[in-house]
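To start, the structure under review is shown below, and the notes come after it.
The values are calculated or read from the model by the stated rules, or taken from the named source; none is laboratory data. Source: prediction; values computed, not measured. Cβ atoms come from the backbone with ideal geometry, glycine included; neighbour counts cover every protein chain shown.
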Amino acid sequence: MSFKKNKDSLRSQELISRGLTDEKIIAEIIRNETPIPEKLPAELYDKMNYMCRRWMDRIARFEIDYDCVPDIEVMKTVLICMIESAPVLHSRFVDNHINPYWKVSDYHIDDILTVKETTDLLRSADEFLLQDISEKNNVQIKIGLFTCRGQSRLCFAFNHMCMDGGGLKSFLDNMFRSYNSYIQDGSISVFYSGKTRAYDCVYDSMNKEDKKAAKKLYANYPAKYSRSLPFTESEKSDRKMLIRKKIGKNIFEAARLKAKKYGATVNDLVSAAYIRAAYDVIGCPETEKMEIASAIDLRRYIEHPENIGYTNHTTFTPCIVEAKGKTMEETVRAVVKSTTEVKQDKFMGLYGIPILKLGFSTMFYIQAEFITSMFYNVANLSVSNVGAIDPYMLEMGNKLPTCVWVGGAAKRKPCAAANILSYDGDLMITACIRGNEKDKEIIVNFFDKFEENIKNC
């Protein structure tokens, strides 16, 4: 037997051992994939997110509701193909204190996919989504499919070290395209191709002058007006909680159209609603400044983001208002003023990256993490808006989702991060915290005020 045939045979046996049974798909993977290395480099944002274990559980969350139950065997086949196309998702993180890396590891699809019939979709989903995923596991993503009387909830929990919300959107797009093509004609066309996960591809499409300037943006701008919600003191008994709020399309659409007249984006609108709620819940004097952090996707600098791997390219920019404002309109206009100033900077969001790269590339990792953690702060008040989700991107067979939610990492107090998306005209907002029932009441009250602000736009 030739070396190639022997190699292909071993790869075929490996895929079968992981739960893949379709011989045609096995052959396609072997024919089209780039050889998978045994180790993957820990990229800059992998290391940054690993450092953040001090403040959060680093697990990102996403869930999709359907009025149907997917084909389980098709789902397993598709998911194996997806995981094979992204080796970092079946790798364990090796922190050797000098230069950490990912060790590509073996797995079975049952390590990733949980299928369960339940009488309470929400409770089952929450229990699943709030699990821990150790970076030392062989897999870095867990997917739960919960069914109840013809309905299903598809849940994703994954290590934020591997990818962010933008990476997940790309993952889901490929996953559902594959699901639909497989049930139509038995084909799947996602294979590992060695796409880059590196942070510095944000510079690739810049001209020589801008690239040189961007790589010298060592200074970062720390929060000047940091505030926090009045959470209770942290206790060992604190637990992870996921709090949700749905704002109906009749309320959200009216507010969106009105905010548009002020020159505001949806992100400006939700930031203004968040800021006013923060003033009220904190009890901050209305004449004092308020600052929150707003997430932005640095893929905006990448000419062909579809050509990069699943990774992190999210950073935060400041949004500062001089005062609360007498009305929601005044707050929206103040937010627009602040964000317009930020957007006028051609290097928006790129500040501080070069100093992080310098630290993590010139020192042992254990030294770089210690020094970086001394000046790195997680924002107490922040908004991360995934944006509008295209229903057809999540189409499964001929069924569209009925509801979609996104949830971020469970942060320790006093962090209060709001994760937001819009779907089918509705605005969905969540917060994932580590706290107690009193802390939950604070978030519930905060979300109620948030909704009231949206109504008053």
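Entry remark, the stretch 305-339: residues being without any contact (Cβ under 8 Å) to a residue 40 or more places away in the chain and either closer than 30 Å to Gly194 by Cα or in contact with a Phe, Trp or Tyr (Cβ under 7 Å, 6 or more places away or on another chain) (or both) number 1 in total.
The rows are residues; the columns are (1) in contact with a helix residue (DSSP H, G or I) (Cβ under 7 Å, 6 or more places away or on another chain); (2) assigned to a strand (DSSP E or B); (3) touching a residue at least 24 places away in the same chain (Cβ under 8 Å).
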position: Ser373; (1), (2), (3): yes, no, yes
position: Ser382; (1), (2), (3): no, yes, yes
position: Val386; (1), (2), (3): yes, yes, yes
position: Tyr392; (1), (2), (3): no, no, no
position: Pro401; (1), (2), (3): yes, no, yes
position: Ala418; (1), (2), (3): yes, yes, yes
position: Leu427; (1), (2), (3): yes, yes, yes
position: Thr430; (1), (2), (3): no, yes, yes
position: Ile443; (1), (2), (3): no, no, yes
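Results for (1) more than 22 Å from Val104 (Cβ to Cβ); (2) in a helix (DSSP H, G or I); (3) not β-branched (Val, Ile, Thr), shown as yes or no for each residue.
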{"site": "Ser9", "(1), (2), (3)": "no, yes, yes"}
{"site": "Ile25", "(1), (2), (3)": "no, yes, no"}
{"site": "Leu40", "(1), (2), (3)": "no, no, yes"}
{"site": "Arg61", "(1), (2), (3)": "yes, no, yes"}
{"site": "Asp65", "(1), (2), (3)": "yes, no, yes"}
{"site": "Pro70", "(1), (2), (3)": "yes, no, yes"}
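Looking at the stretch 232-255 only, could you name the residues that are loosely packed, with under 14 Cβ neighbours inside 10 Å, in a loop (DSSP other than H, G, I, E, B) and not hydroxyl-bearing (Ser, Thr, Tyr)? Answer for the stretch 232-255, where residues must be loosely packed, with under 14 Cβ neighbours inside 10 Å, in a loop (DSSP other than H, G, I, E, B) and not hydroxyl-bearing (Ser, Thr, Tyr): Glu233, Glu235, Lys236, Gly248.
Quick check on the stretch 197-205. Is at least one of its residues modelled with pLDDT of 95 or more, among the hydroxyl-bearing types (Ser, Thr, Tyr) and farther than 30 Å from Tyr279 by Cβ? Yes, the stretch 197-205 contains a residue that is modelled with pLDDT of 95 or more, among the hydroxyl-bearing types (Ser, Thr, Tyr) and farther than 30 Å from Tyr279 by Cβ. Can you confirm whether the stretch 352-366 contains a residue that is in contact with a strand residue (DSSP E or B) (Cβ under 6 Å, 6 or more places away or on another chain), surrounded by 15 or more Cβ atoms within 10 Å (Cβ to Cβ) and either in a helix (DSSP H, G or I) or not assigned by TED's automatic domain parsing to the domain that holds Ala259 (or both)? No: zero hits. Taking the listed residues Gly349, Gly325, the one that is in the same structural domain as Glu288 (by TED's automatic domain parsing), within 16 Å of Ile275 (Cβ to Cβ), of a type in the set (Gly, Ala, Ser) and part of a loop (DSSP other than H, G, I, E, B) is Gly325, with no other qualifying.
Pro35 satisfies every condition listed in (1) without any contact (Cβ under 8 Å) to a residue 12 or more places away in the chain; (2) in contact with a helix residue (DSSP H, G or I) (Cβ under 7 Å, 6 or more places away or on another chain) except (2).
For Ile16, indicate whether it is assigned by TED's automatic domain parsing to the domain that holds Met175, buried (at least 19 other Cβ atoms within 10 Å of the Cβ), β-branched (Val, Ile, Thr) and in a helix (DSSP H, G or I). No; evaluated as a whole, the condition is false for this residue.
Of the residues screened, Ile72 is not one that is buried (at least 19 other Cβ atoms within 10 Å of the Cβ), in the same structural domain as Leu145 (by TED's automatic domain parsing) and not acidic (Asp, Glu).
Return a yes/no flag: does the stretch 331-351 have any residue that is touching a Gly at 6+ places or on another chain (Cβ under 7 Å), of a type outside the set (A, V, I, L, M) and surrounded by 14 or more Cβ atoms within 10 Å (Cβ to Cβ). Scanning the stretch 331-351, I find at least one residue that is touching a Gly at 6+ places or on another chain (Cβ under 7 Å), of a type outside the set (A, V, I, L, M) and surrounded by 14 or more Cβ atoms within 10 Å (Cβ to Cβ), so the answer is yes. State which residue is surrounded by the fewest Cβ atoms within 10 Å (Cβ to Cβ) when the search covers only the stretch 131-184 and only residues that are hydroxyl-bearing (Ser, Thr, Tyr) and farther than 30 Å from Val94 by Cα. Of everything passing the filter in the stretch 131-184, Ser181 is surrounded by the fewest Cβ atoms within 10 Å (Cβ to Cβ). Taking first residues from the stretch 144-169 that are in contact (Cβ under 8 Å) with a residue 24 or more places away in the chain and partners that are part of a loop (DSSP other than H, G, I, E, B) and β-branched (Val, Ile, Thr), the Cβ contacts under 6 Å between residues at least 6 apart in sequence or on separate chains come to Phe146/Thr118; Thr147/Val69; Cys148/Thr118; Ser152/Val69; Asn159/Ile133; Met163/Thr311; Gly167/Thr311.
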